[in-house]
Amino acid sequence: MGVKVSERAIRVLGALGILGGVILIVNDLLFLLGANINLSPLVMLLLSLCVVGLYWRLQPRDKAIAQLGLALAYIAVLASVFNIFYIALGGPPASPQEPSLIGVSTIASLMGTLFALLLIGLAHVTSTGIKEGWRLIPIMTGIFWMPLQSITSYFLGRGLIIAGLLWICVGYAVLAKADIQKN
């Protein structure tokens, strides 16, 4: 009785995760060269959509932690869309001194994506939806994303290169459907 999502749609969501990772890397390289371009709202939208694809790749999908992760991913998608519209309409940037709706939605986007990745990644550890060697990638990315980004930011500007590589792997894991033998 569940919702049916096409294989093509899941693959597109995985490709969006790869694109988000590539944009993180390019954005950080541009920052190292002196350009200050903020593509965070777009990247967070792509990454949260990738996490939605990660949920739909899950087999079976009846785990409560995965369903909670999906709800958080949808919240992150909505927060990211809000951020993109806010910036497109010329809203002022978020300020730590003045908490605002944009600040709250930015945090909701980041934390929603992170916790959704952790929960859905945990459900994937014992599932059959992702290829055998790639099942731990989502949970490991969820665990190490922020610490690795913090460490590498000390040496490499903002540290988004490592985060981008991790997200490229998550996107590929969504793309890489498990080969299930039918007897």
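Of the residues in region 24-56, how many are more than 15 Å from Ala76 (Cα to Cα), surrounded by 20 or more Cβ atoms within 10 Å (Cβ to Cβ) and not aromatic (Phe, Trp, Tyr)? So that I can check it myself, show each step before the final result.
Our first condition is that a residue be more than 15 Å from Ala76 (Cα to Cα); within region 24-56, this holds for 24-39, 56.
Pick out the ones that are also surrounded by 20 or more Cβ atoms within 10 Å (Cβ to Cβ) and you get 24, 27-28, 56.
Of the ones still in play, those that are also not aromatic (Phe, Trp, Tyr) are 24, 27-28.
Looking only at that region, the number is 3.
Would it be correct to say that Ser40 is small (Gly, Ala, Ser) and within 29 Å of Gly159 (Cβ to Cβ)? Spell out how you get there, then give the answer.
Values: small (Gly, Ala, Ser): yes; within 29 Å of Gly159 (Cβ to Cβ): yes.
It is true that Ser40 is small (Gly, Ala, Ser) and within 29 Å of Gly159 (Cβ to Cβ).
Hey, can you tell me all the residues within region 130-144 that are of a type in the set (Val, Ile, Thr), under 16 Å from the mean Cα position of the chain (by Cα) and farther than 13 Å from Leu114 by Cβ?
Start the filter on region 130-144 by keeping residues that are of a type in the set (Val, Ile, Thr), which leaves 130, 137, 139, 141, 143.
Right, trim to under 16 Å from the mean Cα position of the chain (by Cα) and you get 137, 139, 141, 143.
Scanning region 130-144 gives a single hit, Ile137.
Scanning region 27-44 for residues that are touching a residue at least 60 places away in the same chain (Cβ under 8 Å) and among the aliphatic types (A, V, I, L, M), which turns out farthest from Ile130 (Cα to Cα)? So that I can check it myself, show each step before the final result.
At the first step, the residues of region 27-44 found to be touching a residue at least 60 places away in the same chain (Cβ under 8 Å) are 27-29, 31-32, 40-41, 44.
Remaining after also requiring among the aliphatic types (A, V, I, L, M): 29, 32, 44.
Values: Leu29: 31, Leu32: 35, Met44: 23 Å.
Applying the filter and picking the extreme gives Leu32.
Out of the residues in region 89-109 meeting the condition of being assigned to a loop (DSSP other than H, G, I, E, B) and not aliphatic (A, V, I, L, M), tell me which one is modelled with the highest pLDDT. Before you say what the answer is, go through the steps one by one.
Step one: list which residues in region 89-109 are assigned to a loop (DSSP other than H, G, I, E, B), which gives 89-94, 96-97, 99-100.
Checking which are not aliphatic (A, V, I, L, M) leaves us with 90-93, 96-97, 99-100.
Numbers: Gly90: 82, Gly91: 75, Pro92: 69, Pro93: 64, Pro96: 56, Gln97: 61, Pro99: 69, Ser100: 79.
This residue is Gly90.
Only one of Ala66, Ala79 is touching a Gly at 6+ places or on another chain (Cβ under 8 Å) and either within 19 Å of Gly14 (Cα to Cα) or touching a residue at least 24 places away in the same chain (Cβ under 8 Å) (or both); which?
The conditions single out Ala79.
The values are calculated or read from the model by the stated rules, or taken from the named source; none is laboratory data. Computed from a prediction, not measured in an experiment: that's the story for all the values here. Positions of Cβ are generated from backbone atoms using ideal geometry, with glycine treated the same way; all protein chains shown enter the neighbour counts.
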